[in-house]
Amino acid sequence: MIVFSQFPMLSRFSYRLKMHQRCCIIGGGGYFGQHVAREMQREGFHTVLLDLAFVDVDRDGFILDERKLTRIRGSLLDQDLLEKALKKSSVCIHIAAYGMSGAPAAVRLPLR
């Protein structure tokens, strides 16, 4: 495994590549998704979170960099929202799952 801090030239190159990249996290509004977003931001990515609901994860100094963050509230089944979230994204992480966070969104949005 390459550790970029051991190779300053690679580290600078890697940072320049990532600082203009976007990472879309589908299902990113929950505890797990926001922690994944924070790690991606640390790597230099702008993060786009697409979810039905967003929970407050502000505990123990947990902070997302709002300058590197876009929140989109909606369903991944909405093709226009999904395209908006994925636009210019070089990475997509899909962690959306029905009921993963106790189904608060599912209660508000019953099945049709």
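The values are calculated or read from the model by the stated rules, or taken from the named source; none is laboratory data. Everything quoted here is computed from the prediction, not taken from an experiment. In this analysis, Cβ positions are derived from the backbone assuming ideal geometry, glycine residues included, and neighbour counts consider all displayed protein chains.
The set of residues from the stretch 24-54 being touching a Phe, Trp or Tyr at 6+ places or on another chain (Cβ under 9 Å) and polar (S, T, N, Q) comprises just one member, 34. Among the residues of the stretch 55-77, those identified as within 16 Å of residue 94 (Cα to Cα), touching a helix residue (DSSP H, G or I) at 6+ places or on another chain (Cβ under 8 Å) and not polar (S, T, N, Q) are 72, 74, 76. The set of residues in the stretch 44-71 being modelled with pLDDT under 90 and charged (D, E, K, R) consists of 56, 58, 59, 60. Listed conditions (1) modelled with pLDDT of 95 or more; (2) exposed (fewer than 11 other Cβ atoms within 10 Å of the Cβ) are all met by residue 16, apart from (1).
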